[in-house]
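The values are calculated or read from the model by the stated rules, or taken from the named source; none is laboratory data. The model shown is predicted, which means the values in this text are computed figures rather than measured ones. Here the Cβ positions follow ideal geometry from the backbone for every residue, glycine too, while neighbour counts run over all protein chains shown.
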Amino acid sequence: MERKTGCALLALLAVAALALAGCDALIPARSEGERLYRQKCSECHGVDAAGNTVRYMGNPWADLRDNEWKSGGDPVSIERIIRAGVFGQMPGNPDLTREQVRAIVDHVRELRGEKRPEPAR
């Protein structure tokens, strides 16, 4: 019985390690926007954009799914925030192209239920 428990624990640890290494290992991104969001945003905002991460739990601005936005939740404001960041709270992303920023905005809008998801490639 101990051997089965040990194997199960080892398997669980392997899955957890994959999950911590990046969710793309277990659940591939469906779009460029989702891939970029996971890479640039999900550590603080969560994969589902609820803001329920260890670092930002309780911060009302971390939840991107609601209508409580510090700097505006319309697509143009979201683009600006992604590009410039929020002083002392969120790093900017000047390295992203305009198309990449728009892809992230589209993904955030999908998570908010404002836009239909892109079909899987």
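Could you tell me which residue of region 45-68 is nearest to R112 (Cα to Cα), considering only residues that are touching a helix residue (DSSP H, G or I) at 6+ places or on another chain (Cβ under 8 Å) and in contact (Cβ under 8 Å) with a residue 24 or more places away in the chain? Per the stated criteria, the residue is R65. Against the definition (touching a residue at least 40 places away in the same chain (Cβ under 8 Å) and either outside the structural domain of Y37 (by TED's automatic domain parsing) or surrounded by 10 or more Cβ atoms within 10 Å (Cβ to Cβ) (or both)), how does R80 come out, yes or no? Against the criterion (touching a residue at least 40 places away in the same chain (Cβ under 8 Å) and either outside the structural domain of Y37 (by TED's automatic domain parsing) or surrounded by 10 or more Cβ atoms within 10 Å (Cβ to Cβ) (or both)), R80 does not qualify.
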